[in-house]
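Worksheet: one structure, shown below.
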Amino acid sequence: MATASPLADNGASSRSRWARRRSPRRPVIWFELGLIGVSYFLYSMIRNAVPEHETVAMKNAHWVWDLERGLGLAFEESWNHAINSVTWLIVSMNYYYATLHFVVTIGVLVWLYRFQPGRYAAARTALFATTGVALLGYYLYPLAPPRLMTGGDFIDTVIVHDTWGSMASGNMANVSNQYAAMPSMHIGWSAWCGVLIVLLARPLWVKVLGVLYPALTLVVIVATANHFWLDAVGGLLCLAFGFAVALLWSGRLPHRLPAQAARRGEAESGDLPAGEPATVPASAPAASEPAVPAGPEAVPGPDGKPGPDGKPEQDVPPAPVPQAPVRAARSDGTRRAAPAGAHPGAGTQPPARSSSS
């Protein structure tokens, strides 16, 4: 008989619980709305509470600008001046910078919640981890945006065209951290949206929009002088970290999880997701194996006599197979027929010794 040790049973049970905990569950709308609201409030509060080290931020901005010029890729100033000369275009980009950053991100979250509930939690985890690690960048590496860099010739398009589009321009500059440019979460969030749209959307034109959205966002953050292009690289690195966290937590990347998810009641009842093999204890007998008694019972010896210790001899009965009824020996030598279907030794007592013997 196969038996399983308690350690093996505990290990299988732990793996089963971990698999159920990681299995996709249907998100709850009120919990998700509250989580998003609280998370964004904390993100804004922490981001704006980061000490504004103006001297360090300016020094870092000049270092980044010199690095880009050394690489021959310092194109931000020329883009800023060229696009600023087209009023309708730069004004549109100011509003793009202020609105789509939130509208598209929330739209993708709603789309995942409605049509890809099995992938929603992992994708949301990637977004939150991306945003969380960006806060470390704001604190550890304060960076002035190009439009605020001293000695530069960049144009603050929000102020020049009297529009709104930057939390660190105009009147909003007093309530927002102006030196939180590295990494760019406009790129981090837009690339998150683009990756999921390309991998999960079916229509080709939607996939094309998923590619164009982060690319156009890069043009906007550079043209409005809100970021260096190296800030965009920092945003992509944060996004890579976010997807790594989602992979570690969910076991798979969001697009490799099933689109649908079990209802929360089913997941909590212990049902494993589809494709998850059930764990069978090693001690359970196979369906094709006959049941074997736990231990042998006392039966008479082959000659019907008791053993040398005064008790009937012990013999292990063979596996039960259909056979003719067995006759039990009486003390007077006659034999009594056992009831039909009775197992030898099952429910019978050893033959009693007669008083004459």
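The values are calculated or read from the model by the stated rules, or taken from the named source; none is laboratory data. Given the structure is predicted, the values throughout are model-derived calculations rather than measurements. Note that we place each Cβ from the backbone using ideal geometry, even for glycine, and neighbour counts take in every protein chain shown. Accessible surface areas use protein heavy atoms only, side chains included; no ligands, DNA or RNA. Shrake-Rupley method; radii C 1.70, N 1.55, O 1.52, S 1.80 Å.
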Note, ³J(HN,Hα) from phi for segment 251-261, Karplus 6.51, -1.76, 1.60, rounded to Hz, x at Gly and Pro: x, 8, 5, x, 6, 9, 7, x, 5, 9, 9
Roughly speaking, what is the stretch gain from Leu199 to Val86, that is 0.36 nm per residue apart minus the C-alpha to C-alpha distance, in nm to one decimal? 37.2 nm
By the mean-Cβ-within-10 Å protection proxy, highest first, 221-228, 248-255, 72-79, 123-130 rank as 221-228, 123-130, 248-255, 72-79
On the accessible surface of segment 181-251, probed at 1.4 Å with all protein chains in place, carbon and sulfur together account for a percent value of 85
What distance in nm separates the two pseudo spin-label positions at Phe115 and Glu52, each 7 Å out from Cα along the beta-carbon direction? 4.3
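For Lys59 and Glu77 in the same chain, what is the full-extension length gain: residue separation times 0.36 nm, less their Cα-Cα distance, in nm? Kindly include the intermediate steps, with their values, before the conclusion.
On the way: separation 18, 0.36 × 18 = 6.48 nm, distance 1.81 nm.
So the extension gain works out to 4.7 nm.
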What does the extension gain come out to for Thr150 and Tyr40, with contour length at 0.36 nm per residue minus their alpha carbon separation? 36.5 nm
